[in-house]
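What follows is a set of notes on a single structure, which appears directly below.
Please treat every number below as a calculation from the coordinates, not as lab data. Since this is a predicted model, take the numbers as computed values, not measurements. When we count neighbours, we look across all protein chains shown, and the Cβ atoms used for this are built from the backbone with ideal geometry, even at glycine.
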Amino acid sequence: MLTLHLADFTLEHFMEHYWQQKPVVIRQGFQHFEDLISPNDLAGLACEEEVESRLVYKKDGEWQAENGPFETYKRFGKEGWTLVVQAVNHWSPEVAELVKPFAFIPKWRLDDVMISYATPGGGVGPHIDLYDVFICQGSGKRHWRVGDKGEHRQFAAHAALLHVDPFQPIIDTELLPGDILYIPPGFPHEGVALEESMSFSVGFRAKSNSDLLSGLADYVIDKELGKTLISDPKRPIHQHQGHINPSDFAMIRAHLQAVLDNDTLMADFAGSYFSKTKCGLDLQALDDDALSAEEVTEQLLDQPLIRTGGLRCFYLDETVAQGVCYIDGERFEFGAASKAAVIALCDHDELSHDELATGMENPAFASQLTEWVNVGFWYFRD
Ligand code: SIN
Ligand code: CO
């Protein structure tokens, strides 16, 4: 089990003074840290169609980027390139462990664990990210420079690489295995491998207003909600036909506001929206060995049920009293008696028999959980 070790400050101090505010190096945040996946296995993952990967290098001084899957890496030589693989926590249970030490931030803010393997001199170039990231150094050493937030011109160094102009560093350091560099959104940064090196980036993404509004629009259309028409009986005589007057404007705004003020609708939207995965899950369906609800209960007495890496599960106070949870973009309702089991399901990556006991007494919950086990959302190690 990986434990985050903060030598210079407490977690409360980190959240109060650094999170979303300024970058910081956490020396030996993971003591005795070892790669959670080998460079070879990472390179193998990037050969798979379902896995999102990219290779970045320079050719004749010009930045190049190629998207995976890759068949071979021979043509890239021994220096100056980086392989970046997204959402490795979805494909490797060992890598999914890296999310656990960051449980002080809720999962709805989590994006994924991105891993990069770089040969000496390799890097993806100076850039700005829209997310918070904890870059955990694995094997090898990397030189990192981080600039201050501010006006930085961005430009396409390659069609697929948005870079930033040179910047003055406020952090200029070498990361050794186990060191962590935290960078909030908006701070330009660049890492260059000093030797063959692996880095594990736990990213937290925040949605923009337009992301949320477009998600909400999709949601209400999909669920055929929000069909109430603007209605204006007993309207006074209008003086200027081209004028949307203040009371009409207030009515238009209130009509939209009514959607935002609908607690259940908004809770169902937020739960569904944030529980959608942005990329595939590595589901091992049981197919011919499908279990029955009784068999799931029995196995639970022997061993915990593990959530597959990257599966997103949430509950909200607005709806959890009815045993509602949101799993992989969908809403499920199991009734008040299953509330404790629903909370355990969403809060914990590993579930014991006791945590699920009240749920398993409810046939609807037991059969749904069994279906989830059979499709691979949750699994038993043995
Ligand atoms: C990398 O790990 O090579 C890039 C990570 C980043 O700068 O976001
Ligand atoms: Co970055």
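Quick look at the numbers
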| read-out | value |
| --- | --- |
| Estimated FRET transfer efficiency when R0 is 41 angstrom, pair E151-Q322 (beta carbons, to 0.05) | 0.25 |
| E295 versus C279: modelled label distance in nm, points set 7 Å from Cα along the beta carbon direction | 3.3 nm |
| Spin-label pair T3/H255, simplified geometry with 7 Å Cα→Cβ offset, distance in nm | 5.9 nm |
| Exposure proxy ranking, count of Cβ atoms within 10 Å, fewest first, for R312, R331 | R331, R312 |
| Ranked by how many other beta carbons lie within 10 Å on average, peptides 154-160, 185-191, 54-60 from highest | 185-191, 54-60, 154-160 |
| Full-extension gain in nm, W63 to E16, via 0.36 nm per residue minus C-alpha separation | 13.1 nm |
| For the range 348-372 and the range 176-246, distance of Cα centres in Å | 34 Å |
| Overall form of the range 11-204 per C-alpha gyration tensor (a/c, 1.5; a/b vs b/c) | oblate |
| Student exercise, the range 287-380 dipole from Lys, Arg, Asp, Glu Cβ charges, in Debye to nearest 20 | 380 debye |
| Per-pair calculated FRET efficiency, R0 = 45 Å: L286 and T173 via Cβ, rounded to 0.05 | 0.40 |
| FRET E, pair Q28, I306, Förster distance 35 Å, beta-carbon r, rounded to 0.05 | 0.75 |
| Cβ-isolated cysteines (cut-off 4.7 Å), the chain | C47, C136, C279, C325 |
| Rg [Å, one decimal], Dmax [Å, integer] - the chain, C-alpha atoms | 24.3, 78 |
| Under 14 Å, Cβ to Cβ, from C136 - net charge with Lys/Arg +1 and Asp/Glu -1 | -3 |
| Net +/- balance of residues flanking Y326 in space, Cβ distance below 10 Å, scoring K and R +1, D and E -1 | 0 |
| Shape of the range 317-382, Cα gyration tensor, a/c cut at 1.5 | prolate |
| Local net charge near D263, Cβ-Cβ under 11 Å (Lys/Arg +1, Asp/Glu -1) | -4 |
